[in-house]
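First the structure, in the form of structure tokens, and then the observations on it.
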């Protein structure tokens, strides 16, 4: 081993190392970090979503039974990573289960009259208020909740979260009730749903 | 017979070894590694560390092999694993080794950590090695977690979903953690791509050099630590100290009398 | 710092407080004795792993279905204790605490172990504080693991 040779560092060398070193360091760290955080910046700071902001038809108010929820499977178009170009890189989709039930499981009186025609604005408003359109992902850690007819409750199999038919929290570790989709009822009684949540952000789904 | 084979082998190997030694010094290095004295009493306990290393090497090997067929897209990930399990020669073996050695690795690495803790082997001057060991066990745990999400089957997906939801509860930055791991605001192709890059590139790339440093520091300080390796020497020391103390006591006794 | 001395035992060496840990009582060469032991354990593990991969093939459940209403997510065995621990932390205030803060603190504790315990003795009996803390952590893990196993065995279909 040769002996160590410790030459003094000149002012110029010191400055050069400081300035060029910082520049090299900046180029090697800042773009990679922003590159990797692309979805975070777009989602959290710019408020973009992978799911286009469209209304999707779910079903009709006449299909919702009394005393239990109806499970719909909705295919949300999803633009993630590959943004729908060319036959190989097609637009992806994400199928979600959406739970729809009446408030307290009671069919509103408007429907019991056998009114099959178009609804007026006030009737639509009433129907809208009587509906629960919920995500089936537990508000705790996202597991799929299930309806137990004999108990009349939603139960989460993971950590035992319990919800009412309205999606309200009864017990267990979840911090809140089931996430609710933005929805609207049209004149012919069709329910439309949007990938948007009115109480909290569930992530993942 | 054996001695003749030995002599013949030496005749061939010796010149090659000398030639390599002159140019790289690798023979001296090997001798330095191989002929180091290690404590006899800890022999079987110290196999835990080498077993961990062996299992991690199995992970690297079978992991690279699986990548010959695995396709990290939501459309094909599950099918490619199904293909490995049904159509590829030794597919179930290679994937089985990857899966089972990962499971056993979790046990062995835990035992290795417990052994290190209870024998007090983290004490000066080996603190840095303990810290690196804790980092390694963290990396292995995250690797185990991301590994089964790559299957893109129900079990792996829901575990990953639960993991992301836990991440979304991180104080202050929860939402950012969730979107970072998802690659968006929903689970989809970007999520699988992220799991893939974390499991296959990021963490192994961090793991490998840390294992190197772990081994280097182990060699630097030696595989010593537990007191039971020194019991004879400690007993000798105590005996000598007691004799000295007794002599001192005797002396003091005489002084007080005189 | 104590430099580990290697090589043959010096004749007539006087053992003092300083050099008592220099060299263990009995040593073996790393090659061949230790390597043979390492190889034996590694070979046994490889045999187990190969046998298991044919006896119990690595699992592959159905492809992802996010819209499932019947699937019951269950953690791998090495996360079961953690999964069970999350049961005890309900609500917005406590979930971050049980899910993130406590594991982080435990890992910080792990990192700090060499500086929390600076006593010279290596034997666990001579540093009761660290030993008790370690046993408490192991007990928590084992207890939670058992609770988790019992919970999952009682409700295999996921109905609580």
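The values are calculated or read from the model by the stated rules, or taken from the named source; none is laboratory data. What you see is a predicted model; the values in this text were computed from it and never measured. Positions of Cβ are generated from backbone atoms using ideal geometry, with glycine treated the same way; all protein chains shown enter the neighbour counts.
A quick yes/no check of all residues on (1) within 11 Å of chain A (Cβ to nearest Cβ); (2) at pLDDT 95 or above; (3) buried (at least 20 other Cβ atoms within 10 Å of the Cβ); (4) assigned to a helix (DSSP H, G or I):
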{"position": "B:172", "(1), (2), (3), (4)": "no, no, no, no"}
{"position": "B:175", "(1), (2), (3), (4)": "yes, no, no, yes"}
{"position": "B:179", "(1), (2), (3), (4)": "yes, no, yes, yes"}
{"position": "B:185", "(1), (2), (3), (4)": "yes, no, yes, no"}
{"position": "B:190", "(1), (2), (3), (4)": "yes, no, yes, yes"}
{"position": "B:193", "(1), (2), (3), (4)": "yes, no, no, yes"}
{"position": "B:200", "(1), (2), (3), (4)": "no, yes, yes, yes"}
{"position": "B:205", "(1), (2), (3), (4)": "no, yes, no, yes"}
{"position": "B:208", "(1), (2), (3), (4)": "no, yes, no, yes"}
_Residue in the range A:165-202 that is surrounded by the most Cβ atoms within 10 Å (Cβ to Cβ), counting only those that are free of Cβ contacts under 8 Å to residues at least 24 places away in the same chain and out of contact with any strand residue (DSSP E or B) (no Cβ under 6 Å at 6 or more places or on another chain)_ = A:201
*asked:* Give me the residue from the range A:162-184 that is part of a loop (DSSP other than H, G, I, E, B) and closer than 24 Å to residue A:65 by Cα and, out of that set, nearest to the chain's Cα centre (by Cα).
replied: A:179
_the range B:141-170: number of residues that are on the phi < 0 side of the Ramachandran plot, in a loop (DSSP other than H, G, I, E, B) and under 28 Å from the mean Cα position of the chain (by Cα)_ = 2
*If a residue has to be within 22 Å of residue B:148 (Cβ to Cβ) and within 7 Å of chain C (Cβ to nearest Cβ) to count, how many in the range B:99-121 make the cut?*
5
*Sole residue being touching a helix residue (DSSP H, G or I) at 6+ places or on another chain (Cβ under 9 Å) and buried (at least 17 other Cβ atoms within 10 Å of the Cβ), chosen from B:58, B:67*: B:58
*Residue among C:67, C:33 that is more than 9 Å from chain B (Cβ to nearest Cβ) and touching a strand residue (DSSP E or B) at 6+ places or on another chain (Cβ under 9 Å)*: C:67
